[in-house]
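To start, the structure under review is shown below, and the notes come after it.
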Amino acid sequence: MFVVTPIVVSAFISTAVLAINTTIAWRRRRDRMGVYFSLFTAVQTLWGIMVTLGYAAVPLQLKVFFAVMDGWAYRTSDVLVLLFALCFAGYERIAENKWVKAYGIFHILSHGLLISTNQQHGLMWSDFVPQANNVLLFAHGPAFGYTVLTSYLIGLTAMILFASASFRGSKIVRRQAYVILTAFLVQIFLNVAYNLDLFNMPGVDWTSATSAFTNVFVLWALYGYKLLDIAPIARNKLIESLGDGMIALDLQDRIMDVNRSAAEMLGDNENALLGKKLGDVFPRFTPELQNAPEKEVKFELNIGGRRYYDALISPLRDDWPRGIVGRLIILRDTTERKTNELRLLQLTQAVEQSPASVVITDLQGNIAYVNPRFMEVSGYNASELIGRNPRVIQSGQTPLETYEDMWQTIGSGRVWRGELLNKKKNGDLYWELEVVAPVFDSAGQIANYIAIKEEITARKEAEARLLEANARLERQVKEIQALQAELREQAVRDSLTGLHNRHYLSETMEHELARARRDGHPVSFALVDIDRFKFLNDTRGHSTGDLVLKRLAGHLLTFTRNGDIVCRYGGEEFLIVFPNIPEARALQIAERLRAAVQESGLIARDGAISITISIGIAEFPAHGDDATSVLEAADRALYAAKNNGRNRVVLWSELQSRDLAK
């Protein structure tokens, strides 16, 4: 009833490999993609069994029976490979669409019924012709082409989906797609070879007989590239352009996907991190990952002692099978915010909590801040107190147990209240009612201590002092606000001349040049240098040199418009940027400036000073297509002005003309 031939042995080996693939895939299924892939390999195994038995069977009726079962299995695998490909490419919702499922059922039933009822109509196989080696040639009927065409169309769709995933996915997803494409393309080629009898062996379906080779690729994808373990389910959630770091983990805390920002935060590249356990790569995450996957966890992360991040671990859910398939971690850099919070915390605590004297210390008790009221009461100024221990005001008459109780209380995170007898700088004793409290950081650790003090030596004066302290605090708030505004301005100003500095220049230059490019107008650069300034500094002193710099700054502001950029570029060098002014017009302004400086002179303590300036001018974009090249041209023009006797203005275009004339 059955005989063993070389083709039977080949088909049996292929089926055994398929069975191994099915076992591995079923154990590793984690989501709908894994289920479809496992079912696909299982049906392929069933198909391999039917093909093997068909080659081994001797009676005609038995061969036809196994061919019918083979057809049902093959058409079912068509639908399952399409569903697997949709999930692999990220189209899970399409795979679960009822119309897609309905078409899959129609495909299986229509093909299966055609095959099963062939004895009545002969549309699939019109005849059966015995061949050598117990092979039976099925003469194809008119409906056979229809079934082949629809199967090939499904296969082509699956190939397009795999190719699409290879273009859009991460590096490991591309590798998975390449291996799967190779396996299926080989199988499709062999099936075409069978249908067209390219190998001149009628009746031998090389698709089944040699599928052991193609199944090796599937094993490679399962083991080598972790197919079904590292799935491309989070690629749409990890946006490379975001500044926030984003990491997708599976339920084993392995990195499924990671964007560039997160990789940089972890000190590695994306490809090197894929597939690794996050706890092995960055152990700091281990405590938080021990929470249940469905729990959302927020915490602060410190990397290298220099950068701080707000971290959020949230469950990564999928629609089917409904449940959690992993975790998503979002990292946001909060280093700047944390630094500002700590500084502002010290000021706001002093302003908002202190009606009288305020002292802030570090964990060792060294003074970090005192408010004016405390300096007024104690008689010390800030420079005498910052960095010292508050014991400087101890009178020696307060019991030691009081201090021990205070430190024990605040060290345990509680607030201490009590009265202390202290001593002023002039030796006078005074009583203070103190409230000392710990200041906590975002991690719940004590960062500082704050003491709020009220002098109670003359209780009758307490109300007046409180009113005065409140008014002072209000002024301090305004002063702090004014100071913040002043600090913002100082960041872009030269402290000596009041002109803008190079930091401001770097912030505004590119914007100015971009506007010039857009509007098509020129920008002139005038580099100004004080002649023999070093000699003046050495002979008349730095104070006189500073006076000269200030005087020149005043001249520069006088001869420029509000829209011009005037900055101190170096020691005695200044830069004027003239938007929408060609070099010829800039030359006129520069000449008037030079003449005014020469004529003005300066009266210093040790006598009159005559100063002159040299100026080099270049124009954007005529002399360079960026700020650096134009500045270099202006600097060369300035150098020429210096070499040609100083106290003059030189255009870069003139130097170029001279060079061409030579």
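The values are calculated or read from the model by the stated rules, or taken from the named source; none is laboratory data. Since the structure is predicted, the reported quantities are computational estimates derived from the model, not experimental observations. All Cβ positions, even for glycine, are placed from backbone atoms using ideal geometry, and neighbour counts span all protein chains on display. The area values use the complete protein model at the heavy-atom level, side chains included, leaving out ligands, DNA and RNA. Shrake-Rupley method; radii C 1.70, N 1.55, O 1.52, S 1.80 Å.
Selection of first residues in the stretch 5-25 that are open to solvent by 20 Å² or more (accessible area, probe 1.4 Å) and of second residues that are assigned to a helix (DSSP H, G or I) and basic (Lys, Arg), restricted to Cβ pairs under 6 Å at least 6 apart or on distinct chains, gives an empty result.
To keep it simple, each residue is scored yes or no on (1) touching a helix residue (DSSP H, G or I) at 6+ places or on another chain (Cβ under 9 Å); (2) loosely packed, with under 15 Cβ neighbours inside 10 Å; (3) of a type in the set (A, V, I, L, M); (4) within 29 Å of ASN340 (Cα to Cα).
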| position | (1), (2), (3), (4) |
| --- | --- |
| PHE440 | no, yes, no, yes |
| ALA443 | no, yes, yes, yes |
| ALA469 | yes, no, yes, yes |
| ARG472 | yes, no, no, yes |
| VAL477 | yes, yes, yes, yes |
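Scan the stretch 496-512 for residues that are of a type in the set (Gly, Ala, Ser) and at negative phi and the total you get is 1.
So which of ARG317, ARG332, ARG327 is modelled with pLDDT of 85 or more, assigned to a strand (DSSP E or B) and either within 16 Å of the chain's Cα centre (by Cα) or surrounded by fewer than 16 Cβ atoms within 10 Å (Cβ to Cβ) (or both)? Talk me through it step by step, then tell me what you get.
Working: ARG317 fails: modelled with pLDDT of 85 or more; ARG327 fails: either within 16 Å of the chain's Cα centre (by Cα) or surrounded by fewer than 16 Cβ atoms within 10 Å (Cβ to Cβ) (or both).
Within the list ARG317, ARG332, ARG327, the selection yields ARG332.
Name the one entry in PRO283, PRO287 that is surrounded by fewer than 20 Cβ atoms within 10 Å (Cβ to Cβ) and within 24 Å of ARG317 (Cβ to Cβ).
Values: PRO283 fails: within 24 Å of ARG317 (Cβ to Cβ).
Exactly one residue qualifies, and that residue is PRO287.
Could you figure out which of (1) loosely packed, with under 14 Cβ neighbours inside 10 Å; (2) touching a residue at least 40 places away in the same chain (Cβ under 8 Å) isn't true of ILE450? Only one criterion is unmet by ILE450, namely (1).
Of all residues in the stretch 546-595, those being crowded, with 21+ Cβ neighbours inside 10 Å and among the small types (Gly, Ala, Ser) number 2.
Within the stretch 126-159, being more than 56 Å from the chain's Cα centre (by Cα) and either closer than 30 Å to ALA85 by Cβ or not in a strand (DSSP E or B) (or both) holds for GLN131, ALA132, ASN133, ASN134, VAL135, PHE138, HIS140, GLY141, PRO142, ALA143.
Only a single item in (1) open to solvent by 30 Å² or more (accessible area, probe 1.4 Å); (2) at pLDDT below 85 is not met by MET69, and it is number (2). Taking the conditions (1) assigned to a strand (DSSP E or B); (2) open to solvent by less than 60 Å² (accessible area, probe 1.4 Å); (3) within 18 Å of SER442 (Cα to Cα); (4) among the charged types (D, E, K, R) in turn, ASP257 satisfies each one other than (3).
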